[in-house]
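One structure below.
The values are calculated or read from the model by the stated rules, or taken from the named source; none is laboratory data. Everything numeric in this text was worked out from a predicted model, so none of it was measured. Here Cβ is always computed from backbone atoms with ideal geometry, including for glycine, and neighbour counts include all displayed protein chains. These area figures cover heavy atoms from the full protein model, side chains too; ligands, DNA and RNA do not enter into them. Shrake-Rupley method; radii C 1.70, N 1.55, O 1.52, S 1.80 Å.
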Amino acid sequence: NAGVTQTPKFQVLKTGQSMTLQCAQDMNHNSMYWYRQDPGMGLRLIYYSASEGTTDKGEVPNGYNVSRLNKREFSLRLESAAPSQTSVYFCASSEPTGRHPNTEAFFGQGTRLTVV
Amino acid sequence: LAKTTQPISMDSYEGQEVNITCSHNNIATNDYITWYQQFPSQGPRFIIQGYKTKVTNEVASLFIPADRKSSTLSLPRVSLSDTAVYYCLVAGMDSSYKLIFGSGTRLLVRP
């Protein structure tokens, strides 16, 4: 049981290049999230998807786009990478349920992205 | 969205009980309080969740007063391996289950 899988684990981009970070979960969760974590800082929500077919902005969405391809997969795209986007990116999934929500999210191992 | 406030850092010694308090004055009626632990170079890991009063599991206890404007994560008899960052989150149906992490509390456990 893999849980949440992110690819790639490491990436170096040049300023202006584009790339897509991939995330897949095998827990049949409805909700998926993308976060970034800068050195020594907390996690900041970029985008999230409450269910298949829906996406919504988080705290820091500028410079990013997302696609909820299906229930399993949620990708994050950087159209024109900037040095300020150098960070560790985490994908997560959860299964909130009604009046007694499960706010237990499961995280991937992260993608370390450097933009030079 | 309810904003949370935690101490930036705490120090402790092995074997001691550690209590980390989180303030969430604007918590909504349907929000739950959740704590996560994060080790360096890893994603956060769920520790415990509660709505009111006290919740205990094999890892920690969570104390929530009646007004729910704060909560306390209690780690009994910490060890060196409990050195990590601890995050308090408030989320639920009213916030569409957006999981917003604050800056967290860096706990250092000394020998």
(request) Considering each residue of the stretch B:82-100, count those that are open to solvent by 10 Å² or more (accessible area, probe 1.4 Å), within 7 Å of chain A (Cβ to nearest Cβ) and outside any helix (DSSP H, G or I), and give that number. (result) 4
(message) Can you report the number of residues in the stretch B:70-99 which are under 24 Å from B:N26 (Cβ atoms), modelled with pLDDT of 95 or more and not β-branched (V, I, T)?
(response) 7
(request) Of all residues in the stretch A:48-83, count the ones that are crowded, with 16+ Cβ neighbours inside 10 Å, over 29 Å from B:T4 (Cα atoms) and not charged (D, E, K, R). (result) 2
(message) Condition first: over 21 Å from B:T34 (Cβ atoms), among the hydroxyl-bearing types (S, T, Y) and open to solvent by less than 50 Å² (accessible area, probe 1.4 Å). Now tell me which residues in the stretch A:87-116 satisfy that.
(response) A:S87, A:Y89, A:T111
(message) I want to confirm something. Restricting to the stretch A:6-31 and keeping residues that are of a type in the set (S, T, N, Q) and part of a loop (DSSP other than H, G, I, E, B), which single residue is farthest from A:R72 (Cα to Cα)?
(response) A:T15
(request) Quick one: in the stretch A:32-47, of everything that is more than 10 Å from chain B (Cβ to nearest Cβ) and open to solvent by 10 Å² or more (accessible area, probe 1.4 Å), which residue is farthest from A:E73 (Cα to Cα)? (result) A:P39
(request) Using the structure shown, decide if B:F63 is part of a strand (DSSP E or B), under 17 Å from A:L43 (Cα atoms), without any contact (Cβ under 8 Å) to a residue 24 or more places away in the chain and within 11 Å of the chain's Cα centre (by Cα). (result) no
(request) Select from the stretch B:28-44 the residues that are more than 21 Å from A:G40 (Cα to Cα) and at the interface with chain A (Cβ under 10 Å from one of its Cβ atoms) and list them in ascending order. (result) B:N30, B:D31, B:Y32, B:I33, B:T34
(request) Report the residue count in the stretch B:45-58 for those that are out of contact with any Pro (no Cβ under 9 Å at 6 or more places or on another chain), more than 9 Å from every other protein chain (Cβ to nearest Cβ) and in a loop (DSSP other than H, G, I, E, B). (result) 2
